[in-house]
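Asks: Here it is, the structure in full.
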Amino acid sequence: MTTPTTGHWVADPSIGWRILLTATLPDQPQVDDTVRTATSTAELRRALVAPDPQPVVVGVAGHDLVVSAHHAAVDGLGLLRILGQLGHGPVTSSARGVGDRSAGHGYAGTVVRRLVEAALRPPARIPPQGRGPAAGDVMVEIELPGSFRTGQIVHAAVAALADLGAGPHVAVAVGVTRDPDPNGLIEDRSALLRLRDVERLELPEIERALREAPVERPPGTRSGSVNRAAAIAMRLLARRLGSTLLVSHLGEVTAPAIDRLVFHPVTAGGTGIALGAVGHGGRTVLTLRARAADWHADGLERVLEAVGGRLA
């Protein structure tokens, strides 16, 4: 596993940038001194999304094993491989990478495009369904029968957001992997596809865009006066800079030794809402994660139920 250079990975170092995978096991897992514990899974998740210098942290609450990783060190499919290394494998996913798909712009071009967008045509915001006073993140989940492609989830989510009052210029960032190599190093192999004005697209157009969209790299900080200035500008425009929604789907996962899987991607930028999905055992678990300062659980559940209702 590679060690993340967290200080230069992203534009906003105030965010923990940790992704979570929860595996419900048939038997309560063994706990040693390196494993964190909590009385509930919700409490454990809240603790494990906080900033932490460790690339990977493991926790246990009852039958739930939670793996937390900094996204600069591990991507979503890497979390599945960590489960296997912890003795709960085999764990495999149907997810396929985008390979060597080219980027639409280099680092400088991406930064300029995003700053211009933030200033002139910021992504639509999701009207909060109730604000919370706490720090940290709020995480909710639902389970649906069947399996769903990423395009279907994006289409359902955008329609649900429109019903909830999201304005024009819905931007969806879709997390993908470049190379789901089961034998390579566990590291961040992720890439980002970014779709603009998605509210205008029907399902076939969304699926075509996912097949053809160029990859984007996270707009991270770099050395040099120009890049430092860009980083400052990105931080000042953080709420207008990101996407309306981030979507990350781990695919259909085969894991005979695991009863249930739940995935929570990172939340940052824009409206700060991330939708995770993972199929397992003929069912799909969808999650939403948002900042507790902006959302409370009841409001976030209403958004997720609207997405689930569209899919069902």
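Asks: Condition (residue is buried (at least 18 other Cβ atoms within 10 Å of the Cβ) and modelled with pLDDT of 95 or more) applied to the stretch 220-242: is it met by at least one residue?
Replies: Looking for residues that are buried (at least 18 other Cβ atoms within 10 Å of the Cβ) and modelled with pLDDT of 95 or more, one finds none in the stretch 220-242, hence no.
Table: residues versus (1) within 15 Å of the chain's Cα centre (by Cα); (2) surrounded by 20 or more Cβ atoms within 10 Å (Cβ to Cβ); (3) assigned to a helix (DSSP H, G or I).
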{"position": "G151", "(1), (2), (3)": "no, yes, yes"}
{"position": "G167", "(1), (2), (3)": "no, no, no"}
{"position": "V170", "(1), (2), (3)": "no, yes, no"}
{"position": "V176", "(1), (2), (3)": "yes, yes, no"}
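Asks: For the stretch 56-70, give me each residue that is within 17 Å of the chain's Cα centre (by Cα) and open to solvent by less than 30 Å² (accessible area, probe 1.4 Å). Lay out the reasoning, then the answer.
Replies: Our first condition is that a residue be within 17 Å of the chain's Cα centre (by Cα); within the stretch 56-70, this holds for 56, 66-70.
Passing the criteria: V66, V67, S68, A69, H70.
Asks: I've got another one for you. Just wondering, is there one or more residues in the stretch 271-291 that are modelled with pLDDT of 90 or more, over 26 Å from G97 (Cα atoms) and either in contact with a strand residue (DSSP E or B) (Cβ under 9 Å, 6 or more places away or on another chain) or not in a helix (DSSP H, G or I) (or both)? I'd like the intermediate steps shown before the answer.
Replies: Pass one, the stretch 271-291, residues modelled with pLDDT of 90 or more: 273-290.
Those left that are additionally over 26 Å from G97 (Cα atoms): 290.
Those left that are additionally either in contact with a strand residue (DSSP E or B) (Cβ under 9 Å, 6 or more places away or on another chain) or not in a helix (DSSP H, G or I) (or both): 290.
Checking the stretch 271-291: at least one residue is modelled with pLDDT of 90 or more, over 26 Å from G97 (Cα atoms) and either in contact with a strand residue (DSSP E or B) (Cβ under 9 Å, 6 or more places away or on another chain) or not in a helix (DSSP H, G or I) (or both).
Asks: Only one of these is in a helix (DSSP H, G or I), at pLDDT 90 or above, surrounded by fewer than 20 Cβ atoms within 10 Å (Cβ to Cβ) and not charged (D, E, K, R): P256, P204. Name it.
Replies: Details: P256 fails: in a helix (DSSP H, G or I).
That would be P204, the only listed residue that is in a helix (DSSP H, G or I), at pLDDT 90 or above, surrounded by fewer than 20 Cβ atoms within 10 Å (Cβ to Cβ) and not charged (D, E, K, R).
The values are calculated or read from the model by the stated rules, or taken from the named source; none is laboratory data. Note that this is a predicted model, so its numbers are computed, not measured. Every residue, glycine among them, receives a Cβ derived from its backbone with ideal geometry; neighbour counts consider all protein chains shown. The area values use the complete protein model at the heavy-atom level, side chains included, leaving out ligands, DNA and RNA. Shrake-Rupley method; radii C 1.70, N 1.55, O 1.52, S 1.80 Å.
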